[in-house]
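Trainee: Quick one: structure below, then a few questions.
The values are calculated or read from the model by the stated rules, or taken from the named source; none is laboratory data. Note that the structure is predicted; figures quoted are calculated from it, not measured. Positions of Cβ are backbone-derived with ideal geometry, glycine not excepted, and every protein chain shown enters the neighbour counts. In case anyone asks, the SASA skips ligands and DNA or RNA and just uses the protein heavy atoms, side chains included. Shrake-Rupley method; radii C 1.70, N 1.55, O 1.52, S 1.80 Å.
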Amino acid sequence: MNSAALIIIAVFTLAAALAAATLRKLMHAALSLVVVFVGIAALFFLLGAEFVGLALVFIYVGAVAVLVVFTILLTPRDVGKDRGFNWGGAIVAVAVFGGLTWSILNTQSLAVVAPHMPALTVKQIGKTLMTIYVWPLQCVGLLLTAALIGALILVMEEKR
Amino acid sequence: MTPTLQIFLIVSAALFSTGLLAALSRRHAIFILIGIEMMLAAANLNFIAFWRFGPPHQPPTGVMIALFSIAIAAAEAAVGLAMVIAVYRHYHTTNVDQLDQLRG
Amino acid sequence: MSNSIDQVFVHAKQWLLSSLTGSPGWVVQVASILINIFMLLAVFLTLFALISVLERKILARMQNRYGPNRVGPFGLFQPIADGIKMLIKEDIVPARADKIVHFLAPVLIAAVAILTLGVIPYGRNMTPFTIDGGILFFFAVGSATELAVFMAGWGSNNKFSMLGAMRAIAQMFSYELPLIITALPVVMVVGSLTPDRIVAAQAGYTFDLVPRWFVFTPWGAAAFVLFFVSGLVESNRTPFDVPEGESEIVAGHMTEYSGFKYATFFMAEYIGMFAVSGLAMTLFLGGWHAPARILEIIPSYVWFFVKLGSLLFVYIWVRGTLPRTRIDQMMNFAWKFMLPMAFTCVIAAAVWHYAGRGLRGWLWSFLVIAIVYTALSTLLDTGRKLAPRVYRFAE
């Protein structure tokens, strides 16, 4: 695990996250969100969880980001003029960040270096998914089907 | 120097706070969804980091939880965005401050 | 002897890297990656130039014309002339365009197309980027193309661009499902997402005659056809080039691009075509394996490019013969036929595996595919009579 790579990726990701939270144009914010997810996937790669990183890119960049930009396209009235910015939210966010950082830095048991670990193969993930986690997997399948049908019904034309 | 768990946790905390900032201070419904997605991603980063820095030779629970969380976040995004479109059709706005009627 | 010719590029790279011995590990790693990237770009940009002129010549031959034949011998230097022309053209950005998004779209689309080339094995020990989930990497990175197309459509701030982008995204989404699901049976049978392993699983010959490529099993043949059609759609090739249908919406999401940015889109389209063909070969056509034992003297990368060339010829051939489909026909085809057939391939592969991978498995999986195919074609038959158009007043 490389510190230089970590710092570069982290700065990149956090800059994109700030852009996604504060840019005025909605489309630019949505595209910054894509950069955030690519950055997080890079962090996953750095941590040795390649499969999750690829799944993240696949699902977020390929599907969720396109959904977001399509929603922006379909709700045209407010595009480009998001006026309100609540400074109270900023104060809360900074307070949460300060509290979390303080507690992380003061917990001595967290100052550990990664142990040596054999690489996690896709085969291992598949085996775990199909043995220990087979019921959660089925439940997620059911949930995704329900979400699909629910989303379809929500966007159907309203009957007047 | 090899990075410790703390650095990853701080990055994740910063990402979470940025998501919170987007969710709390913007008025547009899509910004709130973007903020929630960022917070979920920060949580995923925590799961993966704890798995990597945890004891070796265990079933990869952190990775599994992150995978399930990604799947659920995708479902949440789909339903959330469908709701944004439905609300926009009805009220012709996506500003959450103006959605204050209980009457349809 | 044949082995050393087979490995000549691998040895050349090792020789180049051996000059770096003594330097820290990461320098060697970065140098190795840079060599891989340089080779990929050199080979595929040359191939792009070559294919762009060959396509025009083959199309011309099919339409009883000569095609480009002025620049250089047989018109082979045509791409250089085209390149110079594209470079010195004025780069126009519409006044109302979203400048940043408009600029980033061609960059992203080309980057994505080139990245997907990285995981394909081009020969024995010749995979530029070895990764455990290579097939997933291909699809994950490839799915960013839709975003790039959307950015092009949105950034141009033009009705035709947006319409073209919407069409492109609709068709890419619809055909990405069959594309991924038809890759699934191969992954299931091999038990690995690594392209190298998938190619290795297709080594050897049944009865010393027929190569063990997956295309020679019933599910493999069906999945290959479905994959190829989906690949045609993903690379916006002719029977499915609705997003840029010139007669309908100018040039779709590329309407507002000119000069080198337009050339970048064009290049990305071709490189995406190479990548999808390369993946189709890796999954179904045995990758770099030779089709017969005697022919194994010829090095593996030559076989890869021979197969790639023949697949690209089919692409051009299809473009020369088929008319453009309508968007609703395409969508119906994707959701009502391609998707159920793709799932059938998965089931047929499972049947093939559990019936013993021999003749019995072959027959059973053939039966499964035949039943579903017949049922689907009966159900989807619209009963419309197809006949030559009758002109009532024109003649």
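Trainee: Could you tell me whether region C:84-101 includes any residue that is of a type in the set (Gly, Ala, Ser) and either within 25 Å of C:LEU34 (Cβ to Cβ) or not in a loop (DSSP other than H, G, I, E, B) (or both)?
Mentor: no
Trainee: Let me ask something else. Would it be correct to say that C:LEU179 is open to solvent by less than 20 Å² (accessible area, probe 1.4 Å) and closer than 27 Å to C:THR130 by Cβ?
Mentor: yes
Trainee: Here's a follow-up. Out of region A:119-160, which residues are more than 7 Å from chain B (Cβ to nearest Cβ), surrounded by fewer than 12 Cβ atoms within 10 Å (Cβ to Cβ) and in a loop (DSSP other than H, G, I, E, B)?
Mentor: A:ALA119, A:MET156, A:GLU157, A:LYS159, A:ARG160
Trainee: Would you say C:LEU163 is open to solvent by less than 20 Å² (accessible area, probe 1.4 Å), farther than 25 Å from A:ALA119 by Cβ and either assigned to a helix (DSSP H, G or I) or at pLDDT below 85 (or both)?
Mentor: no
Trainee: Let me ask something else about it. Is one or more of the residues making up region C:313-326 assigned to a helix (DSSP H, G or I), open to solvent by less than 80 Å² (accessible area, probe 1.4 Å), touching a Gly at 6+ places or on another chain (Cβ under 9 Å) and not charged (D, E, K, R)?
Mentor: Looking for residues that are assigned to a helix (DSSP H, G or I), open to solvent by less than 80 Å² (accessible area, probe 1.4 Å), touching a Gly at 6+ places or on another chain (Cβ under 9 Å) and not charged (D, E, K, R), one finds at least one in region C:313-326, hence yes.
Trainee: Are any residues in region C:115-164 facing chain A (nearest Cβ under 10 Å), within 22 Å of A:PHE45 (Cβ to Cβ) and free of Cβ contacts under 8 Å to residues at least 60 places away in the same chain, and if so, which ones?
Mentor: Residues satisfying the conditions are C:LEU136, C:PHE137, C:PHE139, C:ALA140, C:VAL141, C:SER143, C:ALA144, C:LEU147.
Trainee: Being open to solvent by less than 30 Å² (accessible area, probe 1.4 Å) and closer than 24 Å to A:THR121 by Cα is the filter here; which residues of region C:194-218 pass it?
Mentor: Selection gives C:THR194, C:PRO195, C:ILE198, C:VAL199, C:GLN202.
Trainee: Follow-up question, since we're still on this one. Tell me yes or no: at least one residue of region C:329-343 is more than 26 Å from C:ASP241 (Cα to Cα) and touching a residue at least 60 places away in the same chain (Cβ under 8 Å).
Mentor: no
Trainee: Could you say whether any residue in region C:292-305 is modelled with pLDDT of 85 or more and open to solvent by 40 Å² or more (accessible area, probe 1.4 Å)?
Mentor: Yes, because at least one residue in region C:292-305 is modelled with pLDDT of 85 or more and open to solvent by 40 Å² or more (accessible area, probe 1.4 Å).
Trainee: Looking at this structure, is A:VAL68 part of a helix (DSSP H, G or I), surrounded by fewer than 24 Cβ atoms within 10 Å (Cβ to Cβ), within 11 Å of chain C (Cβ to nearest Cβ) and of a type in the set (Val, Ile, Thr)?
Mentor: Judged against the criteria, A:VAL68 is not a match.
Trainee: Examine region A:84-106 for a residue that is within 30 Å of C:HIS102 (Cβ to Cβ) and open to solvent by 20 Å² or more (accessible area, probe 1.4 Å), and state whether such a residue exists.
Mentor: yes
Trainee: Still on this structure, please answer the following. Can you name the residue in region B:89-99 that is in contact (Cβ under 8 Å) with a residue 24 or more places away in the chain and part of a helix (DSSP H, G or I) and, of all such residues, is farthest from the other protein chains (Cβ to nearest Cβ)?
Mentor: Here the answer is B:VAL96.
Trainee: Another question, if that's okay. Which residues, taken from region B:53-87, are assigned to a helix (DSSP H, G or I), open to solvent by 40 Å² or more (accessible area, probe 1.4 Å) and more than 7 Å from chain A (Cβ to nearest Cβ)?
Mentor: Passing the criteria: B:THR61, B:ILE65, B:GLU76, B:VAL87.
Trainee: Among the residues in region C:130-152, are any over 30 Å from C:PHE38 (Cβ atoms), assigned to a helix (DSSP H, G or I) and open to solvent by 50 Å² or more (accessible area, probe 1.4 Å)?
Mentor: There is no residue in region C:130-152 that is over 30 Å from C:PHE38 (Cβ atoms), assigned to a helix (DSSP H, G or I) and open to solvent by 50 Å² or more (accessible area, probe 1.4 Å).
Trainee: Pull up region A:1-51, narrow it to residues that are assigned to a loop (DSSP other than H, G, I, E, B) and farther than 20 Å from C:PHE137 by Cβ, then point me to the one that is least open to solvent (accessible area, probe 1.4 Å).
Mentor: A:LEU23
Trainee: Can I ask one more? Could you list all residues from region C:21-33 that are open to solvent by 50 Å² or more (accessible area, probe 1.4 Å) and either in a loop (DSSP other than H, G, I, E, B) or among the basic types (Lys, Arg) (or both)?
Mentor: Within region C:21-33, C:THR21, C:GLY22, C:PRO24 qualify.
Trainee: Report whether or not C:PHE284 is farther than 30 Å from C:MET166 by Cβ, among the aromatic types (Phe, Trp, Tyr) and surrounded by 15 or more Cβ atoms within 10 Å (Cβ to Cβ).
Mentor: So C:PHE284 fits the description; yes.
Trainee: Just to be sure I understand the filter: pairs with C-beta atoms under 7 Å, separated by 6 or more residues or on different chains, first member in region B:30-52 and within 7 Å of chain A (Cβ to nearest Cβ), second member among the acidic types (Asp, Glu) and open to solvent by less than 30 Å² (accessible area, probe 1.4 Å). Which pairs pass?
Mentor: B:PHE31/A:ASP82
Trainee: Go through (1) closer than 20 Å to A:LEU143 by Cβ; (2) open to solvent by 50 Å² or more (accessible area, probe 1.4 Å); (3) facing chain A (nearest Cβ under 7 Å) for B:LEU24 and report which single condition fails.
Mentor: With respect to (1) closer than 20 Å to A:LEU143 by Cβ; (2) open to solvent by 50 Å² or more (accessible area, probe 1.4 Å); (3) facing chain A (nearest Cβ under 7 Å), B:LEU24 is out only on (1).
Trainee: Here is a list: C:VAL112, C:VAL107, C:VAL189. Which entry is facing another protein chain (nearest Cβ under 10 Å), in a helix (DSSP H, G or I) and of a type in the set (A, V, I, L, M)?
Mentor: C:VAL112
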